[in-house]
1. Are any of the residues in segment 37-51 charged (D, E, K, R), over 26 Å from Q99 (Cβ atoms) and not assigned by TED's automatic domain parsing to the domain that holds Q102?
2. If the Cβ limit is 6 Å and pairs must be 6+ apart or interchain, which residue in segment 59-71 that is over 12 Å from T41 (Cα atoms) pairs with which residue that is modelled with pLDDT of 70 or more and assigned to a strand (DSSP E or B)?
3. Limited to segment 35-52, what total is found for residues that are loosely packed, with under 15 Cβ neighbours inside 10 Å and more than 44 Å from the chain's Cα centre (by Cα)?
4. When you go through (1) closer than 22 Å to Q99 by Cβ; (2) over 40 Å from the mean Cα position of the chain (by Cα); (3) not in a loop (DSSP other than H, G, I, E, B) one by one for W12, which number turns out not to apply?
5. Any idea how many residues of segment 53-91 are surrounded by fewer than 15 Cβ atoms within 10 Å (Cβ to Cβ) and not in a helix (DSSP H, G or I)?
6. Going by the structure shown, is I33 at pLDDT 90 or above and of a type in the set (V, I, T)?
7. In this structure, does Q64 turn out to be touching a Lys or Arg at 6+ places or on another chain (Cβ under 7 Å) and of a type outside the set (A, V, I, L, M, F, W, C)?
8. Being out of contact with any Asp or Glu (no Cβ under 7 Å at 6 or more places or on another chain) and touching a residue at least 24 places away in the same chain (Cβ under 8 Å), is that true of even one residue in segment 99-117?
Amino acid sequence: MSDPMRSKYPMWKLALHKFQARRDIPFRRKFFIGYDLFGNTYWEFTIDGNLQRLRRKMEPYKEQLFKVDYFSTVPPPWLQWLRRTRYDAPTLQELIEEQSRQERIKLLAQNADAKWYNAKLKLDEEQRLKLADEIARSEQEAQSFKQKYASETEKETEKEKDVDVDPWKQSEESKNEDPIQSTSIKPGSR
């Protein structure tokens, strides 16, 4: 497998980084640690010359306007190293494996999403069919109810037609009668 950094850095820069990674040279305050797949470089350095308390930092491959924008290009293993939750710096091989693992996880997530979407469509279709069956059954019950009770309602409407009470007509007829007697309740009358 070829070195992914050869496409990002010239040979002299790669050789310079190898030289800067050496810790056996006296009075050196900054040590090169490694690269990530985006071309960012990682360093350990000291301010006061105490090599027991080295600080860690990242130098971006491409300068950006805001420092916050660099974190989108920092892989998780390097973030762990920067925050000292990981002692050893990750290798390029580890980073390549991590990137392929993340791509596999994305594919698995897409497959799971597609599976759940299809299951949701299947459940929606089942619910739609159940609802259609329920509507058809209720319409059939309504038809049978209408047929069963149609004759009874017809009889009731005929009775109402026979009784046909017109209150205006009654008031005109009872105009000349005694008002007190007309307001009293008469048993047997409707």
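1. Taking segment 37-51 first, the residues charged (D, E, K, R) are 44, 48.
Okay, now just the ones that are also over 26 Å from Q99 (Cβ atoms), so 48.
Then keep just the ones that are not assigned by TED's automatic domain parsing to the domain that holds Q102; that gives 48.
The answer is yes, given that some residue of segment 37-51 is charged (D, E, K, R), over 26 Å from Q99 (Cβ atoms) and not assigned by TED's automatic domain parsing to the domain that holds Q102.
2. Nothing qualifies.
3. Residues of segment 35-52 loosely packed, with under 15 Cβ neighbours inside 10 Å: 45, 47-52.
After this cut, where a residue has to be more than 44 Å from the chain's Cα centre (by Cα) as well, the list is 47-52.
Counting residues in segment 35-52 that are loosely packed, with under 15 Cβ neighbours inside 10 Å and more than 44 Å from the chain's Cα centre (by Cα) gives 6.
4. With (1) closer than 22 Å to Q99 by Cβ; (2) over 40 Å from the mean Cα position of the chain (by Cα); (3) not in a loop (DSSP other than H, G, I, E, B) applied to W12, the lone miss is (1).
5. The number of residues fulfilling the criteria is 16.
6. On the way: at pLDDT 90 or above: yes; of a type in the set (V, I, T): yes.
Yes: the conditions hold for I33.
7. Working: touching a Lys or Arg at 6+ places or on another chain (Cβ under 7 Å): no; of a type outside the set (A, V, I, L, M, F, W, C): yes.
No.
8. Residues of segment 99-117 that are out of contact with any Asp or Glu (no Cβ under 7 Å at 6 or more places or on another chain), as a first pass: 99-117.
This time we only want the ones that are touching a residue at least 24 places away in the same chain (Cβ under 8 Å), so: 99.
Looking for residues that are out of contact with any Asp or Glu (no Cβ under 7 Å at 6 or more places or on another chain) and touching a residue at least 24 places away in the same chain (Cβ under 8 Å), one finds at least one in segment 99-117, hence yes.
The values are calculated or read from the model by the stated rules, or taken from the named source; none is laboratory data. In this text the structure is predicted, and so the values were computed from the model without any measurement. Positions of Cβ are generated from backbone atoms using ideal geometry, with glycine treated the same way; all protein chains shown enter the neighbour counts.
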